[in-house]
Amino acid sequence: MRNKLLRYLPWLLVLVLAAAVVMYTQRTKPVGVDIVVAKANDVQTSVVASGRVLAPARVDIGATLTGRVEKVVVREGARIAAGDLLVQLEKQELSAAAAQALAARDRARARVTSVATLALPTARSALLQAEANAAVAEREWRRAQDLVAKGFISKSKLDETERQLTVARSQVEAARAQVSAQDVPGAEAQQARSQLVEAEAALDLARARLAQTDIRAPGAGVVLERLIEPGDIAQPGKRMMSLALEGPARLIVQVDEKNLPLIEVGRTALAAADAFPNQRFEAVIAYVSQGVDASRGTVELRLDVAQPPDFLKPDMTVTIDLAGPLLKQALFLPSEAIHQLQSDAPYVLLDRSGRAVKAAIKLGLQTQGRVQVVEGIRSGDRVILNGGVEDGAHVRERL
């Protein structure tokens, strides 16, 4: 048995050696990879983003009081001017209330006039008469005192003249009080003026409520929706129609936060509506949001359109093209060549004499599937695109 094993041992050694050679050959066989050669070029940067046309103001029209709709003047698509009548409610009841308030105002105004032109002069005349009567009574009383002293009349006669004088003086005080009441700072005059103020306020209120039956356009624009018809009941809080008011055309666009270095207020972009892609127009950045939408990684821009084309409509989808700065001799690579692109330690694999070598890099601008590399590689470096290759692997360029 032993002799038999010794006889086959050379063949076993040959087989083991052959297997080892095969395994080594397989392990060192180069992996076919795609190569991109880094090359520095002058690159004109740009930002392309989609958005929509923002209506200057979208207004929902409703009533401020409850009433039956008598007339609806406009339909969808109608162009309106500021102050145009849109909807008219029934107004008979409120017209009657306004007429009543007007009559009450006129009565209060007449009373103020009456106090100033009739009651006050009458009171003043009565005061003069009372003062004259008091003067006569006082003279009679003094004369009676002299006569009593001389014994010509009895004391009872003096008492009578004194009572008459007291009554006359009381009448003077009453007349003075009446004049004071009817005069400008007096109670009667103040009450009359207060009633006039109340009546005028009630009239203003009645007229204001009557005016609310005519629902008018707050500004020039276009009717977007009409949701009410004659005979319907209008109620506060119930939308009757929607308007798009005229004003400066504005675009609202969401831009990837990576493009923030290219964005600043005052820069001009070219815009085009998706429905009219060949008709481009200028738009100027008027606002850049101070916050970033964390869920989408975008920043909101608003752009003013000084001369909007006739076809531009609210909520229309648009695309903007914002030219960025010219980067001199910049190195850009496809984003798929960058490993750990969104991390703090991105890197690439370089082909160095048939072996993959890891190189840490520093990134710059990222736009449209390409990434600027500002440190870590040089022009002429051969960068491996395949994501499955590891550092140190043997590689060959795939033909």
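Table for the structure above
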| item | result |
| --- | --- |
| Check on Leu196, buried (at least 17 other Cβ atoms within 10 Å of the Cβ), at pLDDT below 75 and assigned to a helix (DSSP H, G or I) | no |
| Odd one out for Leu399 among (1) surrounded by 12 or more Cβ atoms within 10 Å (Cβ to Cβ); (2) not assigned by TED's automatic domain parsing to the domain that holds Val255 | (1) |
| One residue from Ala144, Ala134, Ala149, Ala119 being modelled with pLDDT under 90, exposed (fewer than 13 other Cβ atoms within 10 Å of the Cβ) and in a helix (DSSP H, G or I) | Ala149 |
| Selected residue (only one of Ala330, Ala345, Ala359 is surrounded by 14 or more Cβ atoms within 10 Å (Cβ to Cβ) and more than 19 Å from Thr45 (Cβ to Cβ)) | Ala359 |
| Number of the exception - Leu65 against (1) at pLDDT 80 or above; (2) of a type in the set (A, V, I, L, M, F, W, C); (3) crowded, with 17+ Cβ neighbours inside 10 Å | (3) |
| The lone exception for Glu257 - which of (1) over 22 Å from Val43 (Cα atoms); (2) without any contact (Cβ under 8 Å) to a residue 60 or more places away in the chain; (3) not β-branched (Val, Ile, Thr) it fails | (1) |
| Verdict on Gly247 being closer than 28 Å to Asp304 by Cα and outside any strand (DSSP E or B) | yes |
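Condition check ((1) in contact with a strand residue (DSSP E or B) (Cβ under 6 Å, 6 or more places away or on another chain); (2) closer than 14 Å to Pro248 by Cβ; (3) exposed (fewer than 13 other Cβ atoms within 10 Å of the Cβ); (4) at pLDDT 90 or above) across all residues:
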| residue | (1), (2), (3), (4) |
| --- | --- |
| Glu264 | no, no, yes, no |
| Ala273 | yes, no, no, yes |
| Pro277 | no, no, yes, no |
| Arg280 | yes, no, no, yes |
| Val292 | yes, no, no, no |
| Thr298 | yes, no, no, no |
| Ala306 | no, yes, yes, no |
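The values are calculated or read from the model by the stated rules, or taken from the named source; none is laboratory data. Since the model is a prediction, treat every value here as computed from it, not as a measurement. When we count neighbours, we look across all protein chains shown, and the Cβ atoms used for this are built from the backbone with ideal geometry, even at glycine.
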